[in-house]
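Derivation of every value follows stated rules applied to the coordinates shown; laboratory data play no part. This is a predicted model, so every value here is computed, not measured. For neighbour counting, all protein chains shown are included, and Cβ atoms are generated from backbone atoms with ideal geometry for every residue, glycine included.
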């Protein structure tokens, strides 16, 4: 029987844990504690319970708040340690393993102080080999330790969700290798492990919360960019950059790094580790990379990975893959995202005609430059994931004027002055909501934006923005495109986190879509689906 070693005090040895051992019963009747009872904790608890472990779930929220998660356990026998009166350390006193959700860590203020202190004590006990101290691992690290399939990790300050989704779409052009997409994008992958094989390809979006918890890398690491974000959590750009480079440091030597040559921080990762580097940029590609020539996406002798047979990846004449104008996702930033995904598909040997077909059919993801509806000449765009200034700038540059921007929420501690200048130059007006509305109003006014309004709800903001956009469109006459003249755009791209008014960015995006539906008199939009919730 395949078994994982146990230490003399019964603790799980993570370095020998495998899916084969789990299937053979190594977790049977072993006490395991899961910290956090949101999506990730729920998925982890179900996986471990199905493997036979005696699972305890800890969360400071009350049972009443967590009834939906409890119901989603599906009757599994799990011990619940819920509420603020539970002493966290008591839940792992006899555990063989402790598994954390990404936001639960001793290092960042996303974790409640007493739990942070208890986790810090646990880490110290582990590092000093105190007998009986349980093994400690995060859900994404546990997944990477156990996953039998080649993995593609996608990270960056902005664009990682679109890039991960696009990459999964183009990899799916090879029917011999089923594709799974998850991670920070909203789908914890841990309980999908039993169905994965070496034939699968797994695309994982990795956030700055998940990266520092990793001890294992992915086969391919894909970077979009590294700019200022989450400084409220990390304290400085230097600290944030240290976290972001973790994926590049851990990438499999038999894999590759796919890097944005136009981002100086990301481009500097090319020297890390021993894996080869594939660079992408919006001009003629460097040798072995991907770029754009004469409005075509082209590759310059990209080398396939060893698991894909090695040698140069197939392309059309002159390295051509597809015309740029066949991409359905708008904006130059999305062209960069597409280049990253296409480079990854070439690494895995996907045929160029399949890449072209899949890429042309990719229309984007919810809450990221998502066109919700076009009503009476006004386009409504849900970019609720635009929480960082560079992302909002890219959104403003993706559409022709007139644009009315809806922004505001909980401040993330990032300098928004560069954004204010672009708002003043590109937007007809701004309608501001949430805690940061006053601060944004002052910044935008100082930058020269003439019309600035505030609203106390998303419904009011959308209704007001629609009226301003419609009037601006009428004033523009027939100068632009559209059956009756120029198309105006109402753009939700908040430049702030969502937690002042909503549980997460997805809830904010859904509220925007409901408000658009109200503007349209209840008519259905083209984006009524409710995607899994995610972090802001």
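Which angle from 0 to 90°, rounded to the nearest 10, does the C-alpha axis of helix 39-50 make with the longest principal axis of the chain?
Computed tilt is about 30 degrees.
Sort 158-167, 259-268 by packing, meaning the average of other beta carbons within 10 Å per residue, with the highest value first.
My ranking of the peptides, most packed first, is 158-167, 259-268.
If I stretch the segment between residue 500 and residue 353 completely, what's the gain in nm (0.36 nm per residue apart, minus their alpha carbon distance), one decimal?
Extra length available between residue 500 and residue 353 comes to 48.3 nm.
Full-extension gain between residue 130 and residue 450, please, as 0.36 nm times their residue separation minus the C-alpha to C-alpha distance.
Additional length available on full extension: 108.8 nm.
Which of the peptides 104-113, 290-299, 334-343 is most tightly packed, and how do the rest follow, going by the mean number of other Cβ atoms within 10 Å of each residue?
334-343, 290-299, 104-113
Using a simple spin-label model with points 7 Å from Cα along the Cα→Cβ vector, what separation in nm is obtained for residue 23 and residue 274?
3.0 nm
By how many degrees, between 0 and 90 and to the nearest 10, does the Cα long axis of helix 505-519 differ from the longest principal axis of the chain?
Result, in degrees: 40.
Using Cβ counts within 10 Å as a stand-in for footprinting exposure, how do 333, 367 rank, fewest first?
The most exposed by this proxy come first: 333, 367.
Can you tell me the FRET efficiency between residue 198 and residue 301 if r is taken as the Cβ-Cβ distance and R0 is 30 Å, rounded to the nearest 0.05?
Result of the calculation: an efficiency of 0.65.
Go ahead and run the numbers for FRET between residue 518 and residue 121, Cβ-Cβ distance against an R0 of 56 Å, rounding to 0.05.
0.65
Length gain on complete extension for the stretch residue 459 to residue 77, per 0.36 nm per residue less the alpha carbon to alpha carbon distance?
The residue 459-residue 77 span can extend by a further 133.3 nm.
Rounded to the nearest 5, what is the percent of antiparallel bridges among the DSSP beta bridges in the chain?
25 percent
Determine the percent antiparallel among the DSSP beta bridges restricted to region 1-152, to the nearest 5.
Rounded to the nearest five, the antiparallel share is 5 percent.
Could you order the peptides 463-470, 303-310 from most to least packed, using the average number of other C-beta atoms within 10 Å per residue?
So the peptides 463-470, 303-310, ranked by packing, come out 463-470, 303-310.
For Cα pairs less than 8 Å apart in space and 6+ apart in sequence, what is the mean separation divided by the residue count of region 141-204, i.e. the relative contact order in percent?
50 percent
Given the -39500 (n - 2.57) contribution per DSSP H run of 4+ residues, what per-residue ellipticity at 222 nm results for the chain, rounded to the nearest 500 deg cm²/dmol?
-9000 deg cm²/dmol
Angle check, please: helix 458-476 long axis (alpha carbons) against the longest principal axis of the chain (alpha carbons), in degrees 0 to 90, nearest 10.
The answer is roughly 30 degrees.
In the calculated pair distance distribution of region 147-360, what percentage of Cα-Cα distances lie above 25 Å?
Tail fraction, whole percent: 31.
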